[in-house]
Amino acid sequence: MANPKGSFYTTQLYVALTAGDWASDTPSRSIRRGFLSWPELLRKFRKHRLDAHEVAEVASHTQALSLLLIRAQNTSPEALDGDQTHPAEPLTLGEECLLPEERKEEARSGYNELQKLAKNETVHLALAYYAFSLGFYSDVLQHLTSVNFEDAISPINASNVGSVSTMLSVPVSQTSGPTTGYASSLAELDHSLKDGRIWRLTELIRGKCLQGMAYESLTPKRLDDALTAYESAFLLLDQINIPKSLPSSTGQANVESFTRYRELWRWVERLLWRTAALSSKSRSLSHTHRILQIYQVQSVHWPATFRPEHRSTMAQLHLHILIKTYNPVTRVSWLNETRSIVTDYRLILTATTKFPRAGERNEKVEEFVDLCVAAWEENGASGDQTGWVLDILWWATRFTFNSQRIYRHLWRILYVSGDIELARRTLKLYVQVVSKARETGSVDESDRIWVETLVQGARMLCRIPGGIEEAREAGKLLKRAEEKVNERDNVAAANVKRAKGIWHACMALRENDPSTRPEHLRQSLAELQASLKLHPTPSTHFHLALASSRAGQTRDLSAAIASAKEAVAGSPQETRYWHLLGLLLAAVEEWKDAKYALACGAKIGDEEDNGGEELKSGANSVNDHTQDDSSNRSQSTGDPGDGFSRSLLDEYALRLPAASGLLQPLPDYPPPTRHERFEHALQLRLTQLALIEHVDGPENAGTKWLEVFSWVAARKGLGEERRPPSVEPPSEHPSELLRSVPIQPLTLSHSQPRVNGSVDIPINLVPPSPTPSARPGEEFSEAQEQNVFQEKDGHRGKKMQQILKDRVHKGQAHIHTISRKIGGRNGLRIKRTTSMPDFMVELNNSKPYQASSIHSRQRLSMNLVRQNSPEPPPPPASPKKQPSIIAGRSAREKRLLSNLWLTSAATFRRQGKIEQAKAAIQEAEVADEDNADVWVQLGLYHAALGQPEKAIASYHKALVLNPDHIPAFIHLTQEYLKTERVSSPAGCSSETPPQENIDLAAGLLSGLTRGAGWDVPEAWYFLARANKLQGRLDRERECLNFALALAQERGVREITSAVGTCL
């Protein structure tokens, strides 16, 4: 019968050895639940296990040697958990497990005593441990030749031998189950601890680690033997099947799976650390990556304070390799692995770093931030993936003080994420911190980085909608950049000049000062031309085309087209380049080439939709000004035959290269987000429709709207997910199609068009559609349509007219204060009609469709080409409410969808389909009730029906929503200038507007043409008309000449609203 006490103390001894609590006074318990010291535990073990003398001796000498290895100043059990040394070079392996001279004599005594024991594998493993601590490296290898490591593999897990991937899943204890599974109970798992199998595994892993360390010391110039020894231990690591402890009920971390197996984890970490460090200097990236994956999986059991220096180095190695081996095909798994490493490294830094003292920097946190930003950039630098990086940056601000590096990353990523106001404030803080540091001589940022950041900051301020103050702030940043730019660096100097050219255009548009505008536009063109000569890029050509197409003395459409072609040739995958080229070609009436260019851009948009989720967002393609500046990054392309076959570091490297070397140079403009790519493609399709309508007539454009709405539905969930054919798609790739559009080399620069936050509907001098024939079924009576302007609010039109008069007298003062006095949001509402162009139902008649939950009504399928619609049937008794698709959209998406409906409404109106036009306007109002363009189109609808009062009231509402809305002003003054019949006392009659209306229109248009509407031909045309009615014929002639000059080569759409004002 087995001895119960013998079994008990055997278990206690194995538990104490595996826990590695060598300096503890109470490493175990007695059978009476008392505490036992190491000597007492060994005495009781010897007493009750007379057959295990060698086990007791080996355990006693192992504990004695471990005590000798612990530093004299720290005898806590955690001493061996920390890093033995903290070298300045983190990749220096150091002399671990070696005794100082003053302690070697005591160790030799224990070594000699062990040699007297009967030789078995346990004794040989202990002798190898002693021999290494004494520096007898050859003896270590001699002792380990007597150990059969291959037979140590457990038969239970023999099927897993040789598969490193078996270590890439970590069990977590939850419920009872089989011993090899995820849910093994602690009782079953502890059995391997109680019977000594875990301790046996610990000794074998220790032996393999010592074998590799001995080879390192014996052959320091030939480390293949050491690596082979280390990697042969991976078969032993396969046997580790310890469940991860779950958090406690209070949510605190539970490190039981570490403390109970502390000595095992010490040797596992040491072995993997040394393997990865050597592999990074001699093996391929993919080979080292697999080792680091094993390290990461095993580390889930370790607290953040365990070997923090080693683990920090391993995390940096891991992130370096992930960044260098990025492959868009495995983007999702790559991102998950990267974020897992980032989370673990962040926990380590949180536990081991502190807020820096005065004059110090937390370089570890700053290096970590650089790695995170580099990973984000490698993944495409998209605004859709900024959340986790921003979380790291905000965390880093708690462990650093005014870090210039962190502020530089923070403002840029905040802008890409869409938080423009906070990005602007952070940029301002960055400039203040760096400027102060430069005054005191404690600057951390190089001149090149400082100039690049200032240029990008100025570009951001010019890009975002804002007032004159933002533009002036951008000018100050560019002035600082000019002071520090290296004129011999053509790339940097070209970037500054390009930014200055964009800034001058921005100032011309935001100042609205006719006295300074021409000079700003001239300077813009000159700066962009200078930038192009220093370092030509597609972006520079694009902005040059914008500058050359802008109204004024600098306008040259031939040069603009040449620049747009150069931009397309340099970057054929940029949709906006093709779009601009198509607009410019249409402006000079080259209809065939314009259609061709737009079809190329549409094809690119479709390709991005098909494969865009697995491809990078285009940071490299838009990084024009850095094409010659990629030498500072040693980046792999992800091709196994290219970057994966080389090692990460050179043979003699002692530290990792700086993470800043992995950062990509700042792109010329941020890569577009998924929504922005959709918006660019949609704007291009709207231009295609405008071109078709302009060339072939509105009746031929109507059928194309089905394709556009089908395209939108397939990408934005508005209907059945099916992709219709593009409008006149090309058959070849865009780069092939480019050959059909001759490109003439032209050394010019680009300029920035007007900065405008909204998408205005182009104003064309097309008279309103004629009123439909007066048939009872087609009249718009008060019974059919609720008058949105109630009788009790009839005085509001006069109020608005008086306010406009005041505005004429007071210059360009805004009228925000009257937004609640005239037709507030609840005072004006467009009633939905039951007869509307339901594009979605046309696409999929089998599925019901409800555009919005705001207004409910029955939807009828309707043939859009049908001219006579039958009377609609009565609505159903209780229609089932469906969730609103519009309600869940962002404000930007709502505005885009609203403008899409409004553009279709304008087409219907020009076709004479008034009912369909009104229905589309109603859909636009549902999509975005704050869109001023809705009320402009409603005003045009009423004007087409001969209802000037309602038209004027609609324009008033548009001005309430946007007091500077140019189309609303123009159409409002157009109504004011319409003639009415007046009888004279002599019996004669004449047609003339009231003098009051003429003066009001002239005053409004004078202010408009001096400000934001200076380049709108309609504004000058109606101003000429007002001057004529006032009897100022000379002024009339001047305005007409200017309107004619602006109208010539105008194009089918306004370039600013179609492609924006700058990249």
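Values quoted throughout were computed directly from the atomic coordinates according to the rules given, and no laboratory measurement underlies them. Owing to the predicted nature of the structure, the values given are computational and were not obtained by experimental measurement. So basically every Cβ, Gly included, is an ideal-geometry build from the backbone, and we count neighbours across all protein chains shown.
Once you reduce region 897-921 and region 474-548 to the center of their Cα atoms, the two points are 40 Å from each other. What the phi angles of region 42-52 give under the Karplus curve with 6.51, -1.76 and 1.60, with θ = phi - 60°, is a coupling list of 5, 5, 5, 5, 4, 5, 9, 10, 5, 8, 10 Hz, glycine and proline written as x. The order of the peptides 451-460, 996-1005 by mean Cβ neighbours within 10 Å, most packed first, is 451-460, 996-1005. Spacing of the modelled spin labels on Glu360 and Ser286, each 7 Å from Cα toward Cβ, amounts to 4.4 nm. Basic side chains Lys and Arg get +1 at the Cβ, acidic Asp and Glu get -1 at the Cβ, and with that the dipole of region 1-79 about its Cα centre reaches some 380 debye. 3J(HN,Hα) couplings calculated from phi for region 436-449 with the Karplus curve 6.51 cos²θ - 1.76 cosθ + 1.60 (θ = phi - 60°) are, in sequence order, 5, 5, 5, 5, 8, x, 10, 6, 9, 8, 6, 4, 5, 5 Hz; Gly and Pro show x. The amide H of Arg29, built 1.01 Å from its N in the peptide plane, has Leu36 as neighbours under 5 Å, considering only residues 5 or more places off or on other chains.
Extension gain for Trp591 to Phe35 (0.36 nm times residue separation, less C-alpha to C-alpha distance): 190.7 nm. Which net charge results when you count Lys and Arg as +1 and Asp and Glu as -1 among the other residues whose beta-carbon is under 14 Å from that of Asp391? Every neighbour counted, the sum reads +2. Distance between the pseudo-spin-label points of Asp51 and Leu1033 (7 Å out from Cα toward the beta carbon): 13.0 nm.
Put simply, the amide H of Ser146, placed in the peptide plane, has no neighbours under 5 Å, leaving out anything fewer than 5 places away on its chain. Between Glu519 and Ala891, the C-beta separation translates, for a Förster distance of 51 Å, into a calculated FRET efficiency of about 0.90. Here the calculated FRET efficiency for Ala1045 and Asn336, from their Cβ-Cβ distance with R0 = 45 Å, stands at 0.15, rounded to the nearest 0.05. Placing dummy labels 7 Å off each Cα toward the beta-carbon, the span from Thr92 to Thr352 is 1.7 nm.
For region 310-363, trypsin sites (Lys or Arg not before Pro) are listed when DSSP marks them as loop and at most 14 other Cβ atoms sit within 10 Å of their Cβ; the list is Lys354, Arg357.
Here the peptides 687-695, 45-53, 255-263, 205-213 are ranked by packing, the mean other Cβ count within 10 Å, and the order with the highest first is 205-213, 687-695, 255-263, 45-53.
With the highest mean first, a sort of the peptides 114-126, 545-557 on other beta-carbon atoms found within 10 angstrom per residue produces 545-557, 114-126. Other residues with beta-carbon under 14 Å from the beta-carbon of Glu469 carry, at +1 per Lys or Arg and -1 per Asp or Glu, a net charge of +2. Say R0 is 35 Å: what FRET efficiency, to the nearest 0.05, do Ser558 and Glu699 get from their beta-carbon distance? The formula returns an efficiency of 0.60 here.
Under a Cβ-Cβ cut-off of 10 Å, what is the net charge of the residues other than Lys281 that fall near it, where Lys and Arg count +1 and Asp and Glu count -1? Result for the local shell: -1.
Going down the table (Lys592/Lys978; Lys364/Lys436; Lys354/Lys484; Lys119/Lys194; Lys116/Lys244; Lys918/Lys978), which pairs top 29 Å between alpha carbons? From the list (Lys592/Lys978; Lys364/Lys436; Lys354/Lys484; Lys119/Lys194; Lys116/Lys244; Lys918/Lys978), the Cα-Cα distance tops 29 Å for Lys592/Lys978; Lys354/Lys484; Lys116/Lys244. The Kirkwood radius of region 1-79, taken over pairs of alpha-carbon atoms, gives through the Stokes-Einstein law at 25 °C and 0.890 mPa s a diffusion coefficient of 190 µm² s⁻¹. Within region 494-561, the percentage of alpha carbon pairs spaced more than 20 angstrom apart rounds to 20%. Given their separation in residues at 0.36 nm each and the Cα-Cα distance between them, Leu67 and Gln432 gain 126.0 nm when the chain is fully extended.
Our summary gives region 1-79 a relative contact order of 31 percent, counting only alpha carbon pairs under 8 angstrom and 6 or more residues apart.
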